[in-house]
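I have placed the structure first, in the form of C-alpha coordinates, so that the comments after it can refer back to it.
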Amino acid sequence: MQIIPASDHFLEEANRLADRFEFSCLSQKTGTPRQDFWLSLDTEGLALQQPDGSKLIIDFSDKQLQYRRLHGGGLNQSLAKAIGIRSSDKPNILDTTAGFGKDSFILASLGCKVTLIERSSVIFALLDDAFTRASANPEFEPIISRMTLVHADSTDYLPTLLEAHNCPDVVYIDPMFPDTKKSALVNKDMQYLKHFLGADQAIQSLIQSGRSIAKKRVVIKRPKKAPLAIDEKPNFQLYGKTTRFDIYLPYS
Ligand SMILES: C[S@@+](CC[C@H](N)C(=O)[O-])C[C@H]1O[C@@H](n2cnc3c(N)ncnc32)[C@H](O)[C@@H]1O
(Lines give C-alpha, C1' and ligand atoms only; values in the text may rest on other atoms or scores of the structure.)
Protein backbone atom coordinates (compact mmCIF):
# COMPACT_ATOMS: atom_id res chain seq x y z
CA MET A 1 0.00 0.00 0.00
CA GLN A 2 1.25 3.48 -0.84
CA ILE A 3 0.82 6.44 1.48
CA ILE A 4 1.07 10.00 0.21
CA PRO A 5 1.23 12.87 2.75
CA ALA A 6 -0.52 16.11 1.68
CA SER A 7 2.60 18.15 2.47
CA ASP A 8 5.99 17.92 4.16
CA HIS A 9 4.21 18.70 7.41
CA PHE A 10 2.75 15.14 7.37
CA LEU A 11 5.89 13.42 6.08
CA GLU A 12 7.25 12.29 9.45
CA GLU A 13 3.90 10.74 10.44
CA ALA A 14 3.53 9.12 6.99
CA ASN A 15 7.01 7.60 7.34
CA ARG A 16 6.16 6.33 10.82
CA LEU A 17 3.02 4.62 9.47
CA ALA A 18 4.96 3.25 6.51
CA ASP A 19 7.54 1.69 8.87
CA ARG A 20 4.91 0.31 11.22
CA PHE A 21 2.64 -1.27 8.58
CA GLU A 22 5.11 -1.89 5.73
CA PHE A 23 3.49 0.71 3.46
CA SER A 24 5.62 2.66 1.01
CA CYS A 25 5.71 6.41 1.54
CA LEU A 26 5.68 8.63 -1.58
CA SER A 27 6.27 12.36 -1.37
CA GLN A 28 3.42 14.59 -2.60
CA LYS A 29 5.79 16.29 -5.05
CA THR A 30 7.05 13.20 -6.82
CA GLY A 31 4.52 10.56 -5.96
CA THR A 32 1.84 9.33 -8.31
CA PRO A 33 -0.14 6.42 -6.92
CA ARG A 34 0.23 3.30 -9.00
CA GLN A 35 -2.69 1.47 -7.46
CA ASP A 36 -6.51 1.74 -7.42
CA PHE A 37 -6.41 2.23 -3.67
CA TRP A 38 -3.88 4.36 -1.79
CA LEU A 39 -3.66 6.19 1.50
CA SER A 40 -3.55 9.95 1.94
CA LEU A 41 -2.66 11.88 5.06
CA ASP A 42 -3.80 15.47 5.66
CA THR A 43 -5.42 17.68 8.29
CA GLU A 44 -8.58 15.53 8.28
CA GLY A 45 -6.57 12.40 9.07
CA LEU A 46 -5.62 9.17 7.32
CA ALA A 47 -7.89 8.21 4.41
CA LEU A 48 -8.19 5.41 1.89
CA GLN A 49 -8.52 6.88 -1.58
CA GLN A 50 -11.00 4.88 -3.63
CA PRO A 51 -11.15 4.16 -7.37
CA ASP A 52 -14.03 6.64 -7.96
CA GLY A 53 -12.00 9.49 -6.40
CA SER A 54 -13.91 9.46 -3.10
CA LYS A 55 -12.09 8.85 0.15
CA LEU A 56 -12.87 6.58 3.04
CA ILE A 57 -12.03 8.02 6.43
CA ILE A 58 -13.24 6.43 9.65
CA ASP A 59 -14.90 9.12 11.72
CA PHE A 60 -16.79 8.25 14.87
CA SER A 61 -18.39 11.71 14.85
CA ASP A 62 -20.04 11.08 11.47
CA LYS A 63 -23.74 11.98 11.30
CA GLN A 64 -25.08 8.49 10.56
CA LEU A 65 -23.17 6.89 13.40
CA GLN A 66 -24.16 9.65 15.82
CA TYR A 67 -27.82 9.26 14.76
CA ARG A 68 -27.49 5.53 15.41
CA ARG A 69 -25.88 6.18 18.82
CA LEU A 70 -28.44 8.74 19.95
CA HIS A 71 -31.64 7.51 18.26
CA GLY A 72 -30.91 3.88 17.33
CA GLY A 73 -33.01 2.39 20.11
CA GLY A 74 -30.44 2.01 22.91
CA LEU A 75 -30.80 -1.32 24.69
CA ASN A 76 -33.89 -2.12 22.56
CA GLN A 77 -32.02 -2.22 19.26
CA SER A 78 -31.51 -5.68 17.80
CA LEU A 79 -27.69 -5.52 18.07
CA ALA A 80 -27.90 -4.86 21.83
CA LYS A 81 -30.46 -7.61 22.30
CA ALA A 82 -28.42 -10.06 20.26
CA ILE A 83 -25.34 -9.38 22.40
CA GLY A 84 -27.47 -9.70 25.55
CA ILE A 85 -26.91 -6.22 27.01
CA ARG A 86 -29.17 -5.14 29.86
CA SER A 87 -28.98 -2.15 32.14
CA SER A 88 -27.73 -4.54 34.84
CA ASP A 89 -25.47 -6.61 32.55
CA LYS A 90 -22.81 -5.11 30.27
CA PRO A 91 -20.92 -8.08 28.82
CA ASN A 92 -17.28 -7.91 27.74
CA ILE A 93 -17.23 -8.26 23.96
CA LEU A 94 -14.61 -9.47 21.53
CA ASP A 95 -15.35 -8.04 18.08
CA THR A 96 -13.41 -10.44 15.87
CA THR A 97 -14.07 -8.49 12.65
CA ALA A 98 -13.63 -4.83 13.59
CA GLY A 99 -13.87 -3.23 10.12
CA PHE A 100 -14.88 0.43 10.52
CA GLY A 101 -15.51 -0.14 14.24
CA LYS A 102 -19.10 1.10 14.00
CA ASP A 103 -20.85 -1.80 15.72
CA SER A 104 -18.19 -1.75 18.44
CA PHE A 105 -18.61 1.99 18.92
CA ILE A 106 -22.37 1.51 19.46
CA LEU A 107 -21.74 -1.36 21.89
CA ALA A 108 -19.18 0.69 23.82
CA SER A 109 -21.59 3.64 23.90
CA LEU A 110 -24.07 1.27 25.62
CA GLY A 111 -21.49 0.70 28.37
CA CYS A 112 -19.72 -2.50 27.23
CA LYS A 113 -15.96 -3.01 27.13
CA VAL A 114 -15.07 -4.07 23.60
CA THR A 115 -11.85 -5.47 22.16
CA LEU A 116 -11.71 -4.95 18.41
CA ILE A 117 -9.56 -7.24 16.28
CA GLU A 118 -8.69 -6.23 12.73
CA ARG A 119 -6.30 -8.15 10.51
CA SER A 120 -5.98 -5.75 7.58
CA SER A 121 -3.10 -3.32 8.14
CA VAL A 122 -4.85 -0.63 6.11
CA ILE A 123 -8.17 -0.86 7.97
CA PHE A 124 -6.32 -1.13 11.30
CA ALA A 125 -4.30 2.04 10.50
CA LEU A 126 -7.53 3.90 9.58
CA LEU A 127 -9.19 2.72 12.82
CA ASP A 128 -6.17 3.66 14.92
CA ASP A 129 -6.23 7.15 13.39
CA ALA A 130 -9.98 7.45 14.11
CA PHE A 131 -9.37 6.38 17.73
CA THR A 132 -6.75 9.11 18.19
CA ARG A 133 -9.08 11.81 16.81
CA ALA A 134 -12.10 10.60 18.83
CA SER A 135 -10.07 10.36 22.07
CA ALA A 136 -9.38 14.08 21.82
CA ASN A 137 -13.12 14.81 21.77
CA PRO A 138 -14.55 14.99 25.33
CA GLU A 139 -17.92 13.69 24.09
CA PHE A 140 -16.43 10.49 22.69
CA GLU A 141 -13.45 9.93 24.99
CA PRO A 142 -15.46 7.93 27.60
CA ILE A 143 -16.73 5.63 24.82
CA ILE A 144 -13.31 5.22 23.22
CA SER A 145 -11.80 4.45 26.64
CA ARG A 146 -13.95 1.28 26.71
CA MET A 147 -12.56 0.16 23.32
CA THR A 148 -9.24 -1.65 22.80
CA LEU A 149 -7.81 -2.10 19.33
CA VAL A 150 -5.72 -5.15 18.41
CA HIS A 151 -3.96 -5.72 15.10
CA ALA A 152 -4.20 -9.47 14.58
CA ASP A 153 -5.99 -12.25 12.78
CA SER A 154 -8.76 -13.41 15.10
CA THR A 155 -8.24 -17.01 14.05
CA ASP A 156 -4.78 -16.81 15.68
CA TYR A 157 -5.76 -14.43 18.48
CA LEU A 158 -8.71 -16.33 19.98
CA PRO A 159 -6.71 -19.39 21.12
CA THR A 160 -4.23 -17.09 22.94
CA LEU A 161 -7.11 -15.77 25.09
CA LEU A 162 -8.04 -19.31 26.07
CA GLU A 163 -4.42 -20.02 27.08
CA ALA A 164 -4.31 -16.77 29.07
CA HIS A 165 -7.65 -17.55 30.81
CA ASN A 166 -8.87 -14.20 29.55
CA CYS A 167 -12.11 -15.17 27.84
CA PRO A 168 -14.75 -12.63 26.77
CA ASP A 169 -18.45 -12.98 27.57
CA VAL A 170 -19.45 -12.55 23.94
CA VAL A 171 -17.68 -13.15 20.63
CA TYR A 172 -19.07 -11.02 17.82
CA ILE A 173 -18.52 -11.83 14.13
CA ASP A 174 -19.56 -9.61 11.21
CA PRO A 175 -17.78 -11.05 8.19
CA MET A 176 -17.97 -9.84 4.62
CA PHE A 177 -20.24 -12.00 2.53
CA PRO A 178 -21.04 -11.69 -1.18
CA ASP A 179 -23.29 -8.72 -2.00
CA THR A 180 -26.94 -8.48 -2.69
CA LYS A 181 -27.96 -5.68 -5.10
CA LYS A 182 -29.76 -3.92 -2.25
CA SER A 183 -26.80 -3.86 0.12
CA ALA A 184 -24.60 -2.65 -2.74
CA LEU A 185 -26.82 0.41 -3.05
CA VAL A 186 -27.03 0.98 0.68
CA ASN A 187 -23.36 1.09 1.61
CA LYS A 188 -20.78 2.18 -0.94
CA ASP A 189 -17.84 2.24 1.50
CA MET A 190 -18.56 -1.38 2.41
CA GLN A 191 -18.61 -2.27 -1.30
CA TYR A 192 -15.16 -0.77 -1.72
CA LEU A 193 -14.00 -2.59 1.39
CA LYS A 194 -15.15 -5.86 -0.15
CA HIS A 195 -13.51 -5.02 -3.45
CA PHE A 196 -10.33 -4.08 -1.60
CA LEU A 197 -10.16 -6.95 0.92
CA GLY A 198 -12.20 -9.70 -0.72
CA ALA A 199 -14.78 -11.88 1.02
CA ASP A 200 -13.85 -13.24 4.43
CA GLN A 201 -12.83 -16.88 4.63
CA ALA A 202 -12.54 -19.28 7.56
CA ILE A 203 -15.75 -18.11 9.22
CA GLN A 204 -16.52 -21.65 10.33
CA SER A 205 -13.29 -21.92 12.35
CA LEU A 206 -13.89 -18.45 13.81
CA ILE A 207 -17.35 -19.54 15.00
CA GLN A 208 -15.95 -22.77 16.44
CA SER A 209 -13.09 -20.99 18.27
CA GLY A 210 -15.62 -18.41 19.45
CA ARG A 211 -17.81 -21.11 20.95
CA SER A 212 -14.77 -22.55 22.76
CA ILE A 213 -13.87 -19.27 24.43
CA ALA A 214 -17.08 -17.22 24.82
CA LYS A 215 -18.56 -17.43 28.31
CA LYS A 216 -22.07 -16.49 27.17
CA ARG A 217 -22.60 -16.52 23.40
CA VAL A 218 -21.29 -16.11 19.85
CA VAL A 219 -23.20 -13.66 17.67
CA ILE A 220 -22.95 -13.64 13.87
CA LYS A 221 -24.36 -10.73 11.90
CA ARG A 222 -25.87 -11.65 8.53
CA PRO A 223 -28.01 -9.99 5.87
CA LYS A 224 -31.64 -10.69 6.81
CA LYS A 225 -32.36 -13.29 4.14
CA ALA A 226 -28.88 -14.79 3.79
CA PRO A 227 -28.28 -18.49 4.38
CA LEU A 228 -26.63 -19.59 7.62
CA ALA A 229 -22.88 -18.96 7.83
CA ILE A 230 -22.28 -22.57 8.86
CA ASP A 231 -24.04 -25.86 8.45
CA GLU A 232 -25.45 -25.80 11.96
CA LYS A 233 -28.62 -24.22 13.26
CA PRO A 234 -28.13 -21.33 15.67
CA ASN A 235 -29.57 -21.63 19.18
CA PHE A 236 -31.67 -18.59 18.42
CA GLN A 237 -32.03 -15.71 15.96
CA LEU A 238 -32.92 -12.03 16.18
CA TYR A 239 -34.03 -9.86 13.29
CA GLY A 240 -33.28 -6.21 12.64
CA LYS A 241 -34.52 -4.09 9.71
CA THR A 242 -32.01 -5.40 7.19
CA THR A 243 -29.89 -7.73 9.29
CA ARG A 244 -30.23 -10.94 11.21
CA PHE A 245 -28.22 -12.09 14.21
CA ASP A 246 -27.55 -15.83 14.52
CA ILE A 247 -26.67 -16.72 18.09
CA TYR A 248 -24.74 -19.82 19.12
CA LEU A 249 -24.19 -20.83 22.72
CA PRO A 250 -20.76 -21.90 24.01
CA TYR A 251 -19.78 -25.57 23.77
CA SER A 252 -19.71 -25.94 27.54
C1 LIG B 1 -17.90 -6.46 7.33
S2 LIG B 1 -16.45 -5.75 8.03
C3 LIG B 1 -16.97 -5.46 9.70
C4 LIG B 1 -17.77 -4.18 9.86
C5 LIG B 1 -17.94 -3.78 11.31
N6 LIG B 1 -18.82 -4.67 12.03
C7 LIG B 1 -18.42 -2.34 11.46
O8 LIG B 1 -19.42 -2.11 12.17
O9 LIG B 1 -17.80 -1.44 10.90
C10 LIG B 1 -15.39 -7.13 8.23
C11 LIG B 1 -13.97 -6.79 8.71
O12 LIG B 1 -13.46 -7.92 9.38
C13 LIG B 1 -12.10 -8.08 9.07
N14 LIG B 1 -11.78 -9.51 9.28
C15 LIG B 1 -12.29 -10.57 8.60
N16 LIG B 1 -11.80 -11.72 9.08
C17 LIG B 1 -10.96 -11.39 10.11
C18 LIG B 1 -10.15 -12.15 11.00
N19 LIG B 1 -10.07 -13.47 10.92
N20 LIG B 1 -9.43 -11.48 11.93
C21 LIG B 1 -9.49 -10.13 12.03
N22 LIG B 1 -10.22 -9.35 11.18
C23 LIG B 1 -10.95 -9.97 10.24
C24 LIG B 1 -11.98 -7.62 7.64
O25 LIG B 1 -10.64 -7.24 7.34
C26 LIG B 1 -12.97 -6.44 7.62
O27 LIG B 1 -12.32 -5.24 7.94
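Angle of helix 154-163 to the longest C-alpha principal axis of the chain, folded into 0 to 90 degrees and rounded to 10: 60°.
Counting only protein heavy atoms, what percent of the accessible surface of the chain is carbon or sulfur at a 1.4 Å probe? Percent of accessible area from carbon and sulfur atoms in the chain: 50. For LYS81, the aspartates and glutamates whose Cα comes closer than 20 Å to its Cα, not counting residues fewer than 8 places off in the same chain, are ASP89, ASP95, ASP103, ASP169, ASP174, ASP246. Relative to the longest principal axis of the Cα atoms of the chain, the long axis of helix 11-21 lies at roughly 40 degrees.
Could you give the Stokes-Einstein D for the range 98-189 in µm² per second, using the C-alpha Kirkwood radius, 10 °C, 1.306 mPa s?
The calculation lands on 109 µm²/s.
What the phi angles of the range 87-97 give under the Karplus curve with 6.51, -1.76 and 1.60, with θ = phi - 60°, is a coupling list of 4, 9, 9, 10, x, 6, 10, 10, 8, 7, 9 Hz, glycine and proline written as x. Against the longest principal axis of the chain, how steep is helix 203-213, in degrees 0 to 90 to the nearest 10, with axes from Cα atoms? The angle comes out at about 60 degrees.
Packing, as the average of other Cβ atoms within 10 Å across residues, places the peptides 92-101, 137-146 in the order 92-101, 137-146, highest first. Listed by chain and number, the lysines whose C-alpha is less than 18 Å from the C-alpha of LYS63, apart from same-chain residues fewer than 8 away, are LYS55, LYS102, LYS188.
Pull up the DSSP beta bridges for the chain and report the antiparallel fraction as a percent, rounded to 5.
Values: 18 of 38 bridges.
In the chain, approximately 45 percent of DSSP beta bridges are antiparallel ones.
Counting only heavy atoms of protein chains, what accessible area per residue, in Å², does the range 129-179 have with a probe of 1.4 Å?
50 Å²
Over all distinct Cα-Cα pairs of the chain, the Kirkwood formula returns a hydrodynamic radius of 19.1 Å.
Counting only helical runs of four or more DSSP H residues, what would the 222 nm mean residue ellipticity of the chain come to if each run contributes -39,500 (n - 2.57) and the total is spread over all its residues?
Value at 222 nm, helices only: -10000 deg cm²/dmol.
The values are calculated or read from the model by the stated rules, or taken from the named source; none is laboratory data. Computed from a prediction, not measured in an experiment: that's the story for all the values here. Don't worry about glycine lacking a Cβ; one is built from the backbone with ideal geometry, like all the others, and counts go over all protein chains shown. What goes into the accessible areas is simple: the full protein's heavy atoms, side chains included, and nothing from ligands, DNA or RNA. Shrake-Rupley method; radii C 1.70, N 1.55, O 1.52, S 1.80 Å.
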